[in-house]
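These notes are about the structure you will find just below.
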Amino acid sequence: MSLLPAALIDGVMYAAWLFLVAVGLTLIYGVMKILNMAHGSLYTIGAYTAITLVTQWLAGGSEPLFSYVLLIVAAVITGVVLGIIIEYGLLRHFYREEPVVLLLMTYAVFLILEDAVKLIWGVEPYVAYEPYGLLGNFTIGTLSYPNYSFVIVGAAILSGVALALFLKFTRYGKLLRAVIHDQEVSKAININVQRYFLYTFIVGAMLAALGGALTAPTISVAPGMGVDVIVLAFAVVVIGGLGSLPGAALGALIVGLVRSFAVHYWPEVELFSIYAVMAIVLAVRPKGLFAAAEPRKI
Amino acid sequence: MNTTFNPQRTGMVAAAYTVVALAVGYAFPQWQFLLAVALSKGLVALGLVLLLRSGLASFGQGLYYCAGAYSVGMAMTYLEWNNLVVLLVGATLLAAVLGGILGFLLARYRDIFFAMLTLALSMILYGLLMRYPVLGGSDGFNVYAPVIFGEKLSRPALFAVTVILTGVTVWAIQRYLQSRAGRLGPAIKDNEVRVEYLGASARRNIHLNYILAAGLAGFGGGLSSFSIGHIDPDMAFWTTSGEFVFIAILGGTRNAYAPLLGAIVLELIRSLAYQYAPNTWQVVMGASMLALIVFLPGGLISLTQRALEKRRARQHAQEAGL
């Protein structure tokens with residue numbers, strides 16, 4: 001049997017998941033020029049919050065279909081709480097520092113959150129497969145796929161399209177683009193840049209948590225699950241060009257397909273195929289595929 | 001003349017460090033292991049300091065740390081080489097050559113792009129090592145005591161070798177930092193374009209620093225593999241590289257002794273944290289990193305500098321009073 005259709009379908013599904021976990025990272029970078037290393041921790045905490053809520057809900061014997069709503073609620077709670085703590089409590093006071101300093105600060109936040117997870121939820125893994133199993137399977141030819149995969153594909157497309165439409169057509173989206181384009185001028189025309197930073201960080205954190213929350217039912221949630229996700233998300237957004245929405249989509253597609261073809265045709269290289277692609281893209285186009293040219297400043 | 005640029009003083013500080021470290025190690029033999037590991041890691045962080053002085057944070061020094069350690073482990077396992085000098089020179093050279101090749105690519109990158117690309121490269125090595133059993137797979141290799149002058153090196157002797165080699169290296173790097181090429185680093189951090197207008201090549205300087213950093217990381221990797229006795233792919237994982245970044249920030253980038261101080265303090269805190277609060281180790285690390293960035297951006301070494309300046313100010317005041 002040909003491996004090609006299986007590799008393609010797997011690749012697209014994996015790409016959707018990648019886009020979902022990476023889009024928040026590129027949004028935050030695009031607006032704030034901060035590469036948020038704590039992104040993976042937000043993903044982890046989103047997953048833990050989701051699994052806790054779903055387990056509680058199902059333990060009460062309530063309607064299982066409502067658990068999908070709970071996954072989203074978990075993402076919103078995580079994003080708002082941690083977004084406010086990290087941006088308002090910490091990063092806000094250091095925007096004047098160099099990018100490397102802010103990178104190190106988010107790395108410190110990552111370290112703290114990694115252990116915070118262990119302190120709150122312990123080190124034992126959690127599972128709640130109900131939302132995953134509930135939807136049954138879907139067969140194409142001889143291949144069988146869980147319907148839940150389409151939930152993730154749908155969520156990825158929805159979040160991408162919603163963000164693009166928001167930026168393009170709404171009043172606040174246009175103002176946000178002004179902030180992205182030039183902070184100084186935005187301040188001069190009385191846009192509250194600080195507030196936009198806070199909202200952007202919250203939304204970015206929410207998207208990271210959403211990625212975690214939607215992944216939670218498909219895996220066993222354990223400490224350290226975010227460590228790999230950070231580097232994957234980095235790879236995706238760096239390939240596409242940091243801060244670019246279509247770039248993140250293309251990056252996710254490239255990484256998703258490369259990994260899935262590697263898994264199907266050459267399993268030994270699976271682990272590093274993604275990073276190899278990232279290194280090649282950066283070597284050829286240093287700022288990623290969709291990055292705009294920048295003038296050199298003295 | 002600024003006292004930091006005095007070669008005699010540099011030699012004295014390095015010699016004093018070596019004597020103190022040896023004395024502490026032999027007075028408290030149970031600390032030898034901790035000190036040896038800390039010093040080996042301090043060497044890796046020392047390489048990172050060279051890069052940080054130019055404003056570049058590498059999240060991939062684990063690549064060279066791991067390459068150095070693996071060259072030792074694999075030479076022992078497959079070639080049955082066990083001469084200390086050969087193994088360490090091999091580890092350093094291999095890492096430096098690898099750094100030299102990758103440096104052609106990396107020297108063009110700045111800021112987070114440098115950080116990300118170095119991270120990606122070290123993750124490639126991690127992936128390779130994990131998947132190929134010839135390369136040890138996820139188990140890695142055992143490393144045995146090396147041989148020098150036909151004798152197997154005992155634990156205390158290995159400790160002494162580590163301390164002395166670290167002392168010599170730190171002295172050499174401190175001299176380098178005082179040289180013209182070494183002083184170009186902070187200038188590049190301040191303003192790269194001006195450096196180029198003054199006739200120096202920022203890219204070439206960064207490339208040189210990158211090669212040195214890679215060599216140091218390989219050397220540190222080789223040394224630590226002897227002390228730890230085991231190597232595995234986690235040495236190339238990005239969190240290992242993150243730890244080196246932490247050590248460099250903790251110590252500071254003012255001079256070549258700072259990362260050793262950072263490494264020793266880190267290992268001390270770690271062993272205390274493991275003993276008393278096992279799951280809060282990273283919280284301690286993260287919180288102290290934040291505190292350092294906010295309150296002590298120069299790292300621990302800037303404390304000694306502050307004390308020195310205070311003393312000098314007092315002396316000046318006295319002289320003025322006379």
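Could you list, in sequence order, all residues of segment B:161-184 that are within 17 Å of the chain's Cα centre (by Cα) and not hydrophobic (A, V, I, L, M, F, W, C)?
Correct list: B:162, B:166, B:167, B:169, B:174, B:175, B:176, B:182.
What is the number of the single condition among (1) more than 21 Å from residue A:167 (Cβ to Cβ); (2) touching a residue at least 40 places away in the same chain (Cβ under 8 Å) that residue A:269 does not meet?
(2)
Would it be correct to say that residue A:106 is modelled with pLDDT of 90 or more and within 14 Å of chain B (Cβ to nearest Cβ)?
Yes: the conditions hold for residue A:106.
So, in segment B:43-86, how many residues would count as being among the charged types (D, E, K, R) and buried (at least 24 other Cβ atoms within 10 Å of the Cβ)?
0
Residues A:131, A:146: which one is in contact with a Ser or Thr (Cβ under 7 Å, 6 or more places away or on another chain) and away from chain B (no Cβ under 14 Å)?
A:131
What residue, among those in segment B:141-152 that are under 30 Å from residue B:128 (Cβ atoms) and in contact with a Leu (Cβ under 7 Å, 6 or more places away or on another chain), is surrounded by the most Cβ atoms within 10 Å (Cβ to Cβ)?
B:146
Do you know which residues across segment B:197-223 are of a type outside the set (A, V, I, L, M) and out of contact with any helix residue (DSSP H, G or I) (no Cβ under 6 Å at 6 or more places or on another chain)?
Hits for segment B:197-223 are B:197, B:199, B:201, B:203, B:204.
Could you check, for segment A:173-189, whether at least one of its residues is closer than 30 Å to residue A:58 by Cβ, outside any loop (DSSP other than H, G, I, E, B) and of a type in the set (Asp, Glu)?
No, segment A:173-189 has no match at all.
Which one is nearest to the other protein chains (Cβ to nearest Cβ) among residues in segment A:57-77 that are in contact (Cβ under 8 Å) with a residue 12 or more places away in the chain and among the hydroxyl-bearing types (Ser, Thr, Tyr)?
Applying the filter and picking the extreme gives A:67.
Out of (1) at pLDDT below 85; (2) out of contact with any Lys or Arg (no Cβ under 8 Å at 6 or more places or on another chain), the odd one out for residue A:269 is which?
Condition (2) is where residue A:269 drops out.
What do you reckon, is residue B:146 of a type outside the set (Asp, Glu) and more than 14 Å from chain A (Cβ to nearest Cβ)?
Answer is yes for this residue.
Within segment B:109-140, can you find the residues that are surrounded by fewer than 19 Cβ atoms within 10 Å (Cβ to Cβ) and hydrophobic (A, V, I, L, M, F, W, C)?
The answer is B:128, B:134, B:135.
Go over the candidates B:84, B:56, B:106 one by one and state the one that is touching a residue at least 12 places away in the same chain (Cβ under 8 Å) and within 18 Å of the chain's Cα centre (by Cα).
Step by step, each of B:84, B:56, B:106 is checked, and only B:56 is touching a residue at least 12 places away in the same chain (Cβ under 8 Å) and within 18 Å of the chain's Cα centre (by Cα).
Among the listed residues B:180, B:155, identify the single one that is away from every other protein chain (no Cβ under 14 Å), among the charged types (D, E, K, R) and either touching a Gly at 6+ places or on another chain (Cβ under 7 Å) or without any contact (Cβ under 8 Å) to a residue 40 or more places away in the chain (or both).
B:180
Give me the residue from segment B:273-293 that is modelled with pLDDT of 80 or more and exposed (fewer than 13 other Cβ atoms within 10 Å of the Cβ) and, out of that set, nearest to the other protein chains (Cβ to nearest Cβ).
For segment B:273-293, the residue satisfying everything is B:291.
Any residue in segment B:128-148 that is assigned to a helix (DSSP H, G or I) sitting within a Cβ distance under 7 Å of a residue that is surrounded by 19 or more Cβ atoms within 10 Å (Cβ to Cβ)? List the pairs, counting only those 6 or more apart or interchain.
Here the result reads B:128/A:272; B:129/B:136; B:129/B:233; B:129/B:236; B:130/A:271; B:130/B:233; B:131/A:271; B:135/B:129, each pair linking segment B:128-148 to a residue that is surrounded by 19 or more Cβ atoms within 10 Å (Cβ to Cβ).
Since residue B:156 meets every condition but one in (1) in a helix (DSSP H, G or I); (2) closer than 16 Å to residue B:88 by Cα, which condition does it not meet?
The number of the failed condition is (2).
Somewhere in segment A:70-91, is a residue surrounded by fewer than 16 Cβ atoms within 10 Å (Cβ to Cβ), of a type in the set (Gly, Ala, Ser) and outside any helix (DSSP H, G or I)?
no
So which residues in segment B:110-136 are over 17 Å from residue B:48 (Cα atoms) and of a type in the set (Ser, Thr, Tyr), if there are any at all?
B:126, B:132
If you check every pair at least six apart or on different chains, which have Cβ atoms under 8 Å apart with a residue in segment B:233-250 that is more than 8 Å from every other protein chain (Cβ to nearest Cβ) first and a residue that is acidic (Asp, Glu) second?
B:240/B:234
Please verify whether residue A:117 is closer than 27 Å to residue A:148 by Cα, out of contact with any His (no Cβ under 8 Å at 6 or more places or on another chain) and facing another protein chain (nearest Cβ under 10 Å), treating the condition exactly as stated.
Taking the combined requirement at face value, the residue satisfies it.
Just a yes or no: is a residue in segment A:78-90 within 13 Å of chain B (Cβ to nearest Cβ) and farther than 19 Å from residue A:226 by Cβ?
Yes, there is a match, as at least one residue in segment A:78-90 is within 13 Å of chain B (Cβ to nearest Cβ) and farther than 19 Å from residue A:226 by Cβ.
The values are calculated or read from the model by the stated rules, or taken from the named source; none is laboratory data. Just so it is clear, the model here is predicted, and its values are computed rather than measured. Quick reminder, even Gly has a Cβ in these numbers, built from the backbone with ideal geometry, and neighbours come from all protein chains shown.
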